[in-house]
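Asker: Okay, here's the structure, questions in a sec.
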């Protein structure tokens, strides 16, 4: 200890002490954080208090249309048996609570925080069995097969969402939104629950592995960007035609005017 | 026949040039062709743009043929585009992907080819619109108008056959529609489809067949027609806009050599540059997004390239049933019942057919109605031919409504309206739009002509308000210069010609019909200012009120 005590008046002693202190608090914080995270993962199977809290939120925010016991009304469907995934998607993307009645609920800024959304999901899930919120495993795009996902996507999804997932029109004001920027979890939940006008793709129709492949495909083409330059909204020949008639011919006409003008 | 060549060149280059010239007679051609005069106007250059696009198409297309394999044999894609790796597809699709991702510069060349195709047809169309609206198709150029029309159709054919070659989902959907239209033709339809596809759709033959058409027959016909077209341009000489010093017997402009040769050469590289820039920056036809063709999926946003869009739009507008009336007729025959699918046959063939029929026949229709069989080398300002301009506008609206219908789904999503409403509106406009356009355009033309008359007779409003000694206010009008006045007063004026009896004194029914159309076209007319009118106006000049007081002199 003598060596240590002789150096205690060293000019850098204070710095060393400070670093040591920061290191200890930092490690403790990380340890504590990982413990609480582990706890949170365990409690995705909801506690009774979550269900109760979710019930209160439901009565305050959803019951006007879906009924006090989620039995449904003229303005909204029954939510018994839709499962936690449906609530997590609809509320998590801001589609519910609905801003106004219309052909379909539109995405808007999310109204609840993550805890409230999980409480609401827990409440609705407690009313009847339905699709659960997918676990990390089924959303892991490193384990998916993008090429197979692409095939599944083209056969099942592209007719509404467009081959490049840019979205498309449905009848009477309904539409399939773009899938660019939608989180893995929400894509999975949409397939499992069929929100708005979307059909349900249950596990026997598209297996969980195939759902993961589809998500992998979508995330791959999103990450790849466009190989050929500006994508013009990935809308296909209409956008290309519009571009050549406006920008393309516009530049050409500017040059023709320049070439045939002469000082007179 | 011997010609003694007196000229002996003193330099090496001169001797070489003389050697060539005395054998091919190039200097004669240069002398003849180099002195051809072309008038200068920006709207005269779209045909040139189309021609340069075509040159680019040949160059980039040749590059693509080095790597493209038009086979429908099944392969498993193992190239470098990950989201399609291990997927089964045709060799055509796989080689298109290879061009896009594994051939150096391949994607750029594909985009050059496709963008110049779009610009080719677009500039062809604008060129035809210019020719129509300025009346450049009149005698002696009627045949060249027809050749131009056939060139447009060949352009569409080239575009469509090329669009189908990559065998991706989008082009496959397009071929499926062609298959449907073929099969809708009564009696022979199913046979036509079988012959075209070499069996049941999609078969294994259609891509190689389209390839032969796309790289040999269609371009060859285009080149042939292009040569005829240009030959006739040289024979007829170029038309020019009216102006002082420009008559029906001269051409005012610059000679080909050296001015136009230099300008045109430079312009080619400008067009080249524009297309290269667009192709380098903007993506077109990303076949890797669409995936290989498979008859089961149809993607949202499936449209043809813009120039086929109007036919697709007509198909989209056509209802399958109208109330209880079905457009699918089952006609009983002794051997069973044959189906007549009018909901496909009518929209696919009738609007396009009508459009092209009127387009081709228009020079003769106009000649018949106006009884004007003179040669015209001076162009009309569109306002001075209200009937023609109005007919053209009606045609453009008719086309554009169908064109818009091809993107009805994108109109719905991007303007947040219901797809059904878009369809209902466009169906209404399909019938009413051309009528409204005709009426509105003619009124606008007549009003512009009235304005021209005003300006000639009363001068330009100077914006200076004068107060007379008596205290009255009037606006000063400045007389326009003689050049401008010439432009505003000397135009080809068509009048209503009543039905004329023939030699035997008999008025035929056809002649009566002609008179009816002539009345419809020319009943409302603004005559050019005559010298006597101008003199009268000048004599009365100097006391204009703020409000115009000569309204009575305008109509007729």
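The values are calculated or read from the model by the stated rules, or taken from the named source; none is laboratory data. The structure presented is a predicted model; accordingly, all values stated were derived computationally and were not measured. As a convention, Cβ positions derive from the backbone with ideal geometry for all residues, glycine included, and neighbour counts pool all protein chains shown.
Asker: Inspect the stretch A:214-224 for any residue being buried (at least 23 other Cβ atoms within 10 Å of the Cβ), away from every other protein chain (no Cβ under 11 Å) and touching a residue at least 40 places away in the same chain (Cβ under 8 Å) and give the result as yes or no.
Answerer: yes
Asker: While we're looking at this one, here's another question. Determine if the stretch B:314-334 includes at least one residue that is closer than 30 Å to residue B:207 by Cα and at pLDDT below 85.
Answerer: The answer is no, given that none of the residues of the stretch B:314-334 is closer than 30 Å to residue B:207 by Cα and at pLDDT below 85.
Asker: Still on this structure: When the stretch B:273-293 is examined, which residues are found to be within 7 Å of chain A (Cβ to nearest Cβ) and assigned to a loop (DSSP other than H, G, I, E, B)?
Answerer: Once the filter is applied, which keeps residues that are within 7 Å of chain A (Cβ to nearest Cβ) and assigned to a loop (DSSP other than H, G, I, E, B), the stretch B:273-293 yields B:283, B:284, B:286, B:291.
Asker: Shifting gears a bit: Residue A:103 is checked against (1) surrounded by 15 or more Cβ atoms within 10 Å (Cβ to Cβ); (2) within 25 Å of residue A:183 (Cα to Cα) and fails just one. What number does that condition carry?
Answerer: (1)
Asker: Considering only residues that are touching a helix residue (DSSP H, G or I) at 6+ places or on another chain (Cβ under 8 Å) and farther than 19 Å from residue A:86 by Cβ, which ones fall in the stretch A:173-208?
Answerer: Those that are touching a helix residue (DSSP H, G or I) at 6+ places or on another chain (Cβ under 8 Å) and farther than 19 Å from residue A:86 by Cβ: A:173, A:175, A:178, A:180, A:181.
Asker: May I pose another question? Can residue A:206 be described as outside any helix (DSSP H, G or I), more than 13 Å from chain B (Cβ to nearest Cβ) and either in contact (Cβ under 8 Å) with a residue 24 or more places away in the chain or surrounded by fewer than 17 Cβ atoms within 10 Å (Cβ to Cβ) (or both)?
Answerer: Criteria met by residue A:206.
Asker: Something else now. Just to be sure before I move on: is residue B:400 modelled with pLDDT of 95 or more and either within 13 Å of chain A (Cβ to nearest Cβ) or in contact with a strand residue (DSSP E or B) (Cβ under 7 Å, 6 or more places away or on another chain) (or both) in the structure I sent?
Answerer: Against the criterion (modelled with pLDDT of 95 or more and either within 13 Å of chain A (Cβ to nearest Cβ) or in contact with a strand residue (DSSP E or B) (Cβ under 7 Å, 6 or more places away or on another chain) (or both)), residue B:400 qualifies.
Asker: So, in the stretch B:348-375, exactly how many residues are more than 21 Å from the chain's Cα centre (by Cα) and crowded, with 19+ Cβ neighbours inside 10 Å?
Answerer: Qualifying residue count for the region: 2.
Asker: So residue B:489 clears everything in (1) farther than 27 Å from residue B:526 by Cα; (2) in contact with a helix residue (DSSP H, G or I) (Cβ under 7 Å, 6 or more places away or on another chain) except one condition, right? Which one?
Answerer: In the conditions (1) farther than 27 Å from residue B:526 by Cα; (2) in contact with a helix residue (DSSP H, G or I) (Cβ under 7 Å, 6 or more places away or on another chain), residue B:489 misses (1) alone.
Asker: A follow-up question, please. What is the one condition in (1) within 27 Å of the chain's Cα centre (by Cα); (2) more than 10 Å from chain A (Cβ to nearest Cβ); (3) in a helix (DSSP H, G or I); (4) under 19 Å from residue B:44 (Cα atoms) that residue B:270 does not satisfy?
Answerer: Evaluating residue B:270 over (1) within 27 Å of the chain's Cα centre (by Cα); (2) more than 10 Å from chain A (Cβ to nearest Cβ); (3) in a helix (DSSP H, G or I); (4) under 19 Å from residue B:44 (Cα atoms) leaves (2) as the failure.
Asker: Go through the stretch B:401-414 residue by residue and tally those that are in contact (Cβ under 8 Å) with a residue 60 or more places away in the chain and part of a helix (DSSP H, G or I).
Answerer: So the answer is 8.
Asker: Kindly indicate whether residue B:232 is buried (at least 20 other Cβ atoms within 10 Å of the Cβ) and more than 14 Å from chain A (Cβ to nearest Cβ).
Answerer: Taking the combined requirement at face value, the residue does not satisfy it.
Asker: Kindly indicate which of B:343, B:279, B:296, B:326 is within 25 Å of residue B:169 (Cα to Cα) and without any contact (Cβ under 8 Å) to a residue 24 or more places away in the chain.
Answerer: B:296
Asker: Within the bounds of the stretch A:123-137, is there any residue that is within 14 Å of chain B (Cβ to nearest Cβ), part of a helix (DSSP H, G or I) and either touching a residue at least 12 places away in the same chain (Cβ under 8 Å) or crowded, with 17+ Cβ neighbours inside 10 Å (or both)?
Answerer: The answer is no, given that none of the residues of the stretch A:123-137 is within 14 Å of chain B (Cβ to nearest Cβ), part of a helix (DSSP H, G or I) and either touching a residue at least 12 places away in the same chain (Cβ under 8 Å) or crowded, with 17+ Cβ neighbours inside 10 Å (or both).
Asker: Just checking, does the stretch A:160-172 include any residue being more than 14 Å from chain B (Cβ to nearest Cβ) and touching a helix residue (DSSP H, G or I) at 6+ places or on another chain (Cβ under 7 Å)?
Answerer: No.
Asker: If you don't mind, another one. Which residues, counting only those in the stretch B:245-267, are exposed (fewer than 14 other Cβ atoms within 10 Å of the Cβ) and assigned to a helix (DSSP H, G or I)?
Answerer: B:258, B:262, B:265, B:266
Asker: Between A:204, A:264, A:234, which is more than 24 Å from residue B:289 (Cα to Cα) and modelled with pLDDT under 85?
Answerer: From the options A:204, A:264, A:234, the qualifying one is A:264.
Asker: Looking at the stretch A:225-240, which of its residues are more than 7 Å from every other protein chain (Cβ to nearest Cβ) and assigned to a loop (DSSP other than H, G, I, E, B)?
Answerer: Scanning the stretch A:225-240 gives a single hit, A:225.
Asker: Which pairs do you get when a residue that is closer than 18 Å to residue B:307 by Cα, found in the stretch B:171-183, comes within reach of a residue that is surrounded by fewer than 18 Cβ atoms within 10 Å (Cβ to Cβ), reach meaning Cβ atoms under 6 angstrom, with the pair 6+ apart or on two chains?
Answerer: Correct list of pairs: B:173/B:298.
Asker: State which residue is nearest to the other protein chains (Cβ to nearest Cβ) when the search covers only the stretch A:241-250 and only residues that are farther than 19 Å from residue B:304 by Cα and surrounded by fewer than 18 Cβ atoms within 10 Å (Cβ to Cβ).
Answerer: The extreme case among them is A:247.
Asker: Also, I was wondering about something else. Which residues, taken from the stretch B:294-339, are in contact with a strand residue (DSSP E or B) (Cβ under 6 Å, 6 or more places away or on another chain) and surrounded by 16 or more Cβ atoms within 10 Å (Cβ to Cβ)?
Answerer: Scanning the stretch B:294-339 gives B:300, B:301.
Asker: Residue B:362 passes all but one of (1) touching a strand residue (DSSP E or B) at 6+ places or on another chain (Cβ under 8 Å); (2) more than 20 Å from residue B:159 (Cβ to Cβ); (3) not in a strand (DSSP E or B); which number fails?
Answerer: The single condition residue B:362 does not satisfy is (1).
Asker: Checking residue B:481 against (1) buried (at least 19 other Cβ atoms within 10 Å of the Cβ); (2) within 14 Å of another protein chain (Cβ to nearest Cβ), which test does it fail?
Answerer: Status for residue B:481: all satisfied but (1).
Asker: Return yes when residue B:495 is surrounded by fewer than 17 Cβ atoms within 10 Å (Cβ to Cβ), out of contact with any strand residue (DSSP E or B) (no Cβ under 8 Å at 6 or more places or on another chain), closer than 15 Å to residue B:371 by Cα and at pLDDT 85 or above and no when it is not.
Answerer: In short, yes.
Asker: Within the stretch A:169-187, how many residues turn out to be assigned to a helix (DSSP H, G or I) and without any contact (Cβ under 8 Å) to a residue 60 or more places away in the chain?
Answerer: Count: 2.
Asker: Continuing with the same structure: Looking only at the stretch B:248-267, count every residue that is over 11 Å from residue B:36 (Cα atoms) and touching a strand residue (DSSP E or B) at 6+ places or on another chain (Cβ under 6 Å) and tell me the total.
Answerer: 1
Asker: Turning to a different aspect of this structure: Could you pull out every one of the helices (runs of 4 or more DSSP H) wholly within the stretch B:166-244 that has 1 or more residues that are in contact with a strand residue (DSSP E or B) (Cβ under 8 Å, 6 or more places away or on another chain)?
Answerer: B:169-184, B:206-212
Asker: Name the residues in the stretch A:56-71 that are part of a loop (DSSP other than H, G, I, E, B) and buried (at least 17 other Cβ atoms within 10 Å of the Cβ), would you?
Answerer: Within the stretch A:56-71, A:62, A:67, A:70 qualify.
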